[in-house]
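Every number here is computed from the coordinates shown, using simple stated rules; none is lab data. Because the structure is predicted, anything quoted here is derived from the model rather than measured. Because the Cβ atoms are built from the backbone with ideal geometry, glycine has one as well, and the counts that use them run over all protein chains shown.
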Amino acid sequence: MLPAWLLVDPALLSAGDWQRLAGMLNDLYVATGLGIAAAMSFLLAHAILPSLVATRDIAASFRGARPVFYFIAACAFGITSYALARAFIEGVAIVEVFYPRFGY
């Protein structure tokens, strides 16, 4: 039986692997930006707009903008989830290239 350190053969990453890593990082950047957009949109619709309408700092007609911000938050959250799933799947595939026993 070979020791565990001999079973793992870290290979050098090829240019294609670096491109896959760059794509994974792009997915993470997109997920971060859209996660912030989703949070801010939800906060605006759920807390800020009702508060401003209640204190009469803005007109009551702005209450109708809440569904728009909820829709933006839901879309941004959905795309964030998709980008995170893609980044995770791609990250596991990249690690499998140079650590074939990853996950066992």
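Here are a few things to note about the model shown:
- Label-point separation, M40 to V92 (7 Å along Cα→Cβ), nm: 3.3 nm
- Normalised contact order of region 26-98, rounded percent, pairs of Cα under 8 Å and 6 or more residues apart: 48 percent
- Shape call, region 26-98: gyration tensor on alpha carbons, a/c limit 1.5: prolate
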